[in-house]
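A quick write-up on the structure given underneath.
Derivation of every value follows stated rules applied to the coordinates shown; laboratory data play no part. Just so we're clear, the structure is a prediction, and the values are computed from it rather than from any experiment. Neighbour counts are summed over all protein chains in view; Cβ atoms, including those assigned to glycine, are modelled from backbone coordinates with ideal geometry.
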Amino acid sequence: MVRLKSGLVLAAMALMLWLPANAPAQAQLAAKSGNSVVVIEQGRLFSETAVGNAISKRFEQDLAALAAENQKIQDALADEEGQLTEKRLTMEPTAFRDLADAFDKKVEDLRAAQEAKSRNLTTQIEQERKRFFEKIAPLLGDLMVELGAVVILDKSTIVISLGSVDITDQAIARIDSVLNDGTKLPLTAP
């Protein structure tokens, strides 16, 4: 939820930079409109647009690959632990303790490395989500102006409203028509 709100803040900031140049046209359109406030569902914008969906699928594939890697490591460590347990019967206690300590260190190092990979994936998806909302801010701004609205709020911040102020479906259609699945636009940082 915090990520969604931060995405809205970024989109709002980008929109604020875009607005001054278009203020006269917006004022004229707002005067004609019955809905000066419209709402969107940021989660749906990300999950139901082709580009957001593509980002999510890449992230899910990366998570699945990491899970498979974790399972492979876990299986190898279980085998190694079994071999170490067998050696315990034939080794001097001090020599065994050295092997056991080395094994424990190896397990800790592998766990830390895999946790770092997981955190890195989470950071990547958050960054791609942020870039997504930055890319769509001008599209939302154009849609807002076309509808004669003066502000877009996230639906989660609204207690009660008329259904006609929700423009999420229109925004999804606009984003898909402009960005498609995002393969032609560099959403990720170089």
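Being exposed (fewer than 12 other Cβ atoms within 10 Å of the Cβ), over 17 Å from the mean Cα position of the chain (by Cα), without any contact (Cβ under 8 Å) to a residue 40 or more places away in the chain and under 30 Å from ALA50 (Cα atoms): is that true of SER164 here?
no
Considering each of GLN71, GLN61, GLN124 in turn, give the residue that is in a helix (DSSP H, G or I) and either in contact (Cβ under 8 Å) with a residue 24 or more places away in the chain or surrounded by 14 or more Cβ atoms within 10 Å (Cβ to Cβ) (or both).
GLN124
Go through the residues of segment 148-159 one by one and say whether even a single one is among the basic types (Lys, Arg), in a helix (DSSP H, G or I) and touching a residue at least 40 places away in the same chain (Cβ under 8 Å).
There is at least one residue in segment 148-159 that is among the basic types (Lys, Arg), in a helix (DSSP H, G or I) and touching a residue at least 40 places away in the same chain (Cβ under 8 Å).
Filter segment 74-93 down to residues that are surrounded by fewer than 11 Cβ atoms within 10 Å (Cβ to Cβ) and charged (D, E, K, R) and give me whichever is farthest from the chain's Cα centre (by Cα).
Ranking the candidates gives GLU92 first.
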